[in-house]
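The values are calculated or read from the model by the stated rules, or taken from the named source; none is laboratory data. Worth saying up front: this structure is predicted, and the values here are computed from it rather than measured. Virtual Cβ from ideal backbone geometry, glycine too; neighbours counted across all protein chains shown. Only protein heavy atoms, including side chains, enter the accessible area calculation; ligands, DNA and RNA are left aside. Shrake-Rupley method; radii C 1.70, N 1.55, O 1.52, S 1.80 Å.
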Amino acid sequence: MVDAFWLKIGEKVLLNRIFLDDRQEQGNLAMGNRAGPYAKGQSVNQWIQQLTIGGKNPDGSWEYSQVTLACLRAAGRLPFNAPVLSLRVSAHMPGEWREKLLAEAAKAQLSGGASPILLNDDKIIPGMAMSCDNIGPRRSDDWGDLWSSKVREEDAHNYACDGCYEPQFVGANWFHLGGMTLLQPLEYALNQGRSIQSAGPVDLLGKNMSFRSKPASEFKDYFELEAVFLKHFEWLFARQMESTVGDFGRMQDVCPSPLLSLFINDCLAKGQDIYAGGARYNVFGPCFTSLANTINSLWAIRSMCFGEETAVTSLGELVAALLCNWGENIIDPLVHPAVMATDTVRTEEATRRFRQLREIALSLPRWGRGDSQIDPFGNRICERIATICVEVMTKPRSGLSDQFKKAAQRFGTEKQPFGGFCMQPGVGTFASYVENGLGCAASADGRLSGHAIGTDMSPAPSPIDRPALPSTRQFADAVKVLDGVRSSAAFGFANGAPIDLNIEEGMAIDRLMEILSAFVDGAGSNILTVTTADQETFLAAPGAPEAHDLVRVRMGGWTEMFVAMHALHQKVHPRRPYST
């Protein structure tokens, strides 16, 4: 029966995107607030079909059985991309199940299906349990009796993933994503609140996107720049959340969901639709992308511009290099006064200089590869991002606080209080590592404008404008990699922060089990995914798709058939770092 379920879910897989029948409308209701059409080029075979197995029951007992094993075996035996299988694990899981489950999980991952993904209950459950704390009314507020947002322990135990991997209170919550591409507030910090990518004939020095901060030439040290970057992030996210909370409940008027509401806890008791405050919990799970690229960029700025022994340029010159896309597009003298469009000598000099700086940036250590210096540096940035995100809700500005009060008064009563809001930040590109990169200028880590970013909370790929070679695989010990980004609370990313490992086809099962076991014991973040394919396999597949029709990759949120992917996506995966 389990195999039959897999066959049914995977029966409509499409291996040739030429035959894609595009019937998508302008918008859809996959998200709880607002949502537009999904990007089709990156989700040919994504059907939001998720199956979560194992972990704790509501009463705290462990749920592992022969059905759990049957699901793992189906994922390994049947060469499909769906359903997405998620296995909940814990350092405290029953010993008699641990080795059996990790052995079957390793076999399934080595079969090439990128399933199962692993979720660490020891990090996810506490994060979910505290995600509503300190959000809402203060003791002096007269609307406190209309609001109740404390998470019940049994609901935190009883979580499952949605269509990708985000943990959900099963049958108990409304959910909305949101988030931000973190390279963009870094652009604004470097360029006085303006987008670097938009600099040119229309927006001159760049389109104003945030508050006006000081020019690059006036930053006295790295930490002053970092503080301004985080301030731009906070300002933008607070503005986003005020708008998002203000939208809450509007969908009820245009598209209520009475059938779904029957299966969501508290909707019937309150007599309210899931879209009208009826759910027990209302969860915001913003996903922040380009994390690895942002950390690498901040490290490059610190090293190249402010390091006593490593500085090779000024921050002003580095910003000029980014405005000129590392020398690939020397732009108008209004932006770069030293370069005249008609002065070939100066243009060539600037091109050489900016390309030289790019080589230096690309030679620096990368976060997430086990380096003893940049990993702790990047982990601190992770914690600051998650903390600021939560504090936007726990220490709201007046506009957001007013939105809380309006929601309580509209949806709550003293007898049936409004379930309030939970904030569960996460890190997730899903399949949008190409899409998100398109909107980002050249970054200080050596990435070119518009190029792909790293997937999820994973290390950044090597540049896609350069060949994928054995030397670009960034080999690193997988256990050391996971230990380098170890955090008991996954830095505060309760909504999930997957580390996506690429491994070679010849990895021994005992070694993979050792890696999985390290994750179970607390190494890494709170979610781990594994894609098994040699770099040579990825490079050969586009030219011989029929011979590689079983090659599957983890896309951040699901598994995709590699030969069905757009050519630009196919360029990224052989350039992702490999772990041994």
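The table below gives the values:
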quantity	calculated
Note, ³J(HN,Hα) from phi for the stretch 551-565, Karplus 6.51, -1.76, 1.60, rounded to Hz, x at Gly and Pro	6, 10, 10, 7, 9, x, x, 6, 9, 10, 6, 4, 6, 8, 7
Long-range HN-HN contacts of Arg194 with modeled amide H, under 5 Å	Met209
Reach of Lys150 by Cα under 18 Å, taken over lysines that are not fewer than 8 positions away in the same chain	Lys270, Lys395, Lys405, Lys415
Shape call, the chain: gyration tensor on alpha carbons, a/c limit 1.5	oblate
Area of Glu25 that stays accessible when all protein chains are in place (1.4 Å probe, Å², to 10)	130
The stretch 259-338: GluC sites (Glu not before Pro) falling in loop per DSSP and having at most 16 other Cβ within 10 Å	Glu308, Glu309, Glu328
³J(HN,Hα) computed for each position of the stretch 363-375 - Karplus, 6.51 cos²θ - 1.76 cosθ + 1.60, integer Hz, glycine/proline x	7, 6, x, 10, 5, x, 10, x, 6, 6, 9, 6, 4
³J(HN,Hα), Karplus 6.51/-1.76/1.60, whole Hz, each residue of the stretch 258-274, x for Gly, Pro	x, 5, 4, 4, 4, 9, 10, 3, 5, 4, 5, 4, 8, x, 10, 5, 4
Coil-residue trypsin sites (Lys or Arg not before Pro) of the stretch 185-263, DSSP, other Cβ within 10 Å capped at 16	Lys207, Arg212, Lys220, Arg250
Amide H partners (placed H, <5 Å) of Thr181, local residues excluded	Thr289
Between the stretch 76-126 and the stretch 279-325, the Cα center-to-center distance that results, in Å	34
Straight-distance crosslink candidates among lysines, where the alpha carbon sits under 23 Å from Lys12 and sequence neighbours closer than 8 are dropped	Lys40
Zone of Lys150's modelled label, taken as backbone nitrogen in the stretch 416-430 under 20 Å from a point 7 Å along Cα→Cβ	416-424
Aspartates and glutamates with Cα under 15 Å of Lys480, excluding same-chain neighbours fewer than 8 positions away	Asp371, Asp375, Asp500, Glu514, Asp521
Counted charge near Asn265, where neighbours are those whose Cβ lies closer than 12 Å (Asp, Glu -1; Lys, Arg +1)	0
Within the chain, longest stretch free of exposed chymotrypsin sites (Phe, Trp or Tyr not before Pro) [DSSP loop, at most 14 other beta carbons within 10 Å]	264-474
Accessible area of the chain belonging to carbon and sulfur atoms, whole % at 1.4 Å probe	52
Residue among Ala156, Ala361, Gln409 farthest towards the positive dipole end of the chain, charges placed on Cβ	Gln409
Long-range amide H partners of Gln168 with built H, under 5 Å	Ala160, Cys161, Asp162
